[in-house]
Amino acid sequence: MKPITMTDLNQLKKEKRKFATITAYDASFAHLFAEQGIDVMLVGDSLGMTVQGADTTIPVTVEDTVYHTRCVRAGAPYTFIIADMPFMSYATPEQSCENAAKLMRAGANMVKLEGGSWLYDTISMLTERSVPVCAHLGLTPQSVHILGGYRVQGRDEESANQLIKDAITLEKAGIQLLVLECVPVDLAKRITDELQIPVIGIGAGNVTDGQVLVMHDVLGITVSPPKFVKNFLEEAGNIRAAIRLYKEQVESGIYPGKEHSFY
Ligand code: KIV
């Protein structure tokens with residue numbers, strides 16, 4: 001087996017081939033996902049909700065994400081692992097370096113931060129110091145109390161233009177991946193076409209280079225899942241088949257369909 005790298009993901013974008021990403025929090029599921037061909041996993045701070053039972057991601061700490069990153073790396077030695085920097089762990093560039101180092105030492109290949117152009121200096125500092133960065137734009141769950149709930153973002157021209165500007169600025173700062181959450185399909189397409197780096201969508205239609213879903217959503221465990229979610233376990237019948245079906249439907253562009261997208 002050969003480890004997955006950014007070179008592989010950039011090549012997929014160049015060839016217009018889509019890739020599936022899933023959240024993972026422990027070694028057993030990480031091993032199963034890797035076995036079914038999932039090459040990129042996210043140790044999301046969604047673990048605050050899925051594992052810890054909180055109603056937002058805000059209580060999650062760096063120690064929590066470090067612990068889960070170590071678990072996922074143990075189960076999936078060759079997978080490209082993105083680890084979330086939790087709420088308030090990257091408030092200054094210096095603080096972000098200190099905390100990103102902990103996640104990289106735990107086995108992450110890349111760290112993910114939520115936010116727009118204000119992160120320019122932080123991202124420059126991290127990337128100059130050899131920490132690969134993924135940014136997260138659109139619905140950023142750590143800002144739920146500012147956003148006034150889990151809502152679709154970029155619906156009007158002004159906020160759509162701001163998201164495009166943010167994406168371009170963050171690419172200039174040095175991000176190598178972008179997660180785009182809960183935005184209308186046409187905006188997701190404009191951003192995906194504009195950027196050289198791969199864009200991973202969640203609730204952003206089938207126009208992005210990759211997709212990411214929370215594993216509990218894929219497996220139908222979440223009570224009241226959002227509109228963009230599909231319960232692949234229901235159709236596939238068992239966990240391994242559900243993961244294969246998710247991967248196949250992302251790669252072929254079947255998932256997400258119109259019923260899972262915002263217009
Ligand atoms: O924390 C998480 O799982 C995420 C995904 C929803 C993209 O950030």
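The values are calculated or read from the model by the stated rules, or taken from the named source; none is laboratory data. None of the values given here were measured: they were computed from a predicted structure. With ideal geometry, Cβ positions are generated from the backbone for all residues, glycine too; neighbour counts draw on all protein chains shown. When the accessible area is computed, the model is the full protein with side chains, heavy atoms only, and any ligands, DNA or RNA have been set aside. Shrake-Rupley method; radii C 1.70, N 1.55, O 1.52, S 1.80 Å.
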Report summary line: Measuring from its Cα centre, the chain shows a charge dipole (+1 at each Lys and Arg Cβ, -1 at each Asp and Glu Cβ) which, in debye to the nearest 20, is 560 debye
**Report entry** Surrounding net charge for LEU170, when Lys and Arg each add one and Asp and Glu each subtract one, Cβ distance under 14 Å
**Finding:** -2
Query raised in the report: Once the Cα atoms of the range 129-263 are picked out, what are the Rg and Dmax in Å?
Result: 15.1, 45
Report summary line: Note, the range 76-88: 3J(HN,Hα) by Karplus (6.51, -1.76, 1.60, θ = phi - 60°), whole Hz, Gly/Pro = x, goes 9, x, 9, 6, 7, 10, 9, 10, 6, 8, x, 2, 6
Requested in this report: Work out, in µm²/s and without decimals, the Stokes-Einstein translational diffusion coefficient of the chain at 25 °C, 0.890 mPa s, Rh from Kirkwood over C-alpha pairs.
Outcome: 136 µm²/s
Query raised in the report: Considering the chain as a Gaussian network with a 10 Å cut-off on Cα pairs, which listed residue, THR57, THR192, THR222, attains the greatest mean-square fluctuation?
Result: THR222
Query raised in the report: Normalised by the residues of the chain, what does the relative contact order come to in percent, with Cα pairs under 8 Å and at least six apart?
Result: 18 percent
Query raised in the report: Which of ASP39, ASP121, ASP84 moves the most in a Gaussian network model of the chain with Cα springs under 10 Å?
Result: ASP121
Report task. Quick one: among ILE168, ILE22, ILE243, which has the greatest mean-square fluctuation in a GNM of the chain with alpha-carbon springs under 10 angstrom? Result -> ILE168
Query raised in the report: Local charge sum around THR140 (other residues, Cβ-Cβ under 12 Å, Lys/Arg +1, Asp/Glu -1)?
Result: -3
Query raised in the report: Counting only residues 5 or more places away or on other chains, whose amide H sits under 5 Å from the amide H of ILE200 once H atoms are built in the peptide plane?
Result: LEU178, VAL179, LEU180, GLY210
Query raised in the report: What does the charge count near MET1 come to, summing +1 for each Lys or Arg and -1 for each Asp or Glu among other residues with Cβ under 12 Å from its Cβ?
Result: -1
**Report entry** Area accessible to solvent at ARG155, 1.4 Å probe radius, in Å²
**Finding:** 140 Å²
Query raised in the report: Once phi is turned into ³J(HN,Hα) by the Karplus curve 6.51 cos²θ - 1.76 cosθ + 1.60 with θ = phi - 60°, what whole-Hz value does each residue of the range 234-240 show in order, with x for glycine and proline?
Result: 4, 7, 8, x, 9, 5, 4
Query - Whichever lysines have a C-alpha closer than 18 Å to that of LYS14, once near sequence neighbours (fewer than 8 apart) are set aside - result: LYS189
Query raised in the report: So how far apart, in nm, are the two label points at SER143 and LYS258 if each is 7 Å from Cα heading toward Cβ?
Result: 3.1 nm
**Report entry** Inter-part distance where the range 1-79 and the range 129-148 are each reduced to a Cα centre, Å
**Finding:** 16 Å
Requested in this report: With θ set to phi - 60°, apply the Karplus curve 6.51 cos²θ - 1.76 cosθ + 1.60 along the range 192-200 and write out the HN-Hα couplings as whole Hz, x wherever there is a Gly or Pro.
Outcome: 4, 6, 6, 8, 7, 7, x, 10, 10
Report summary line: A chain fully extended from ALA74 to ILE58 at 0.36 nm per residue, minus the present Cα-Cα distance, gains in nm 3.2 nm
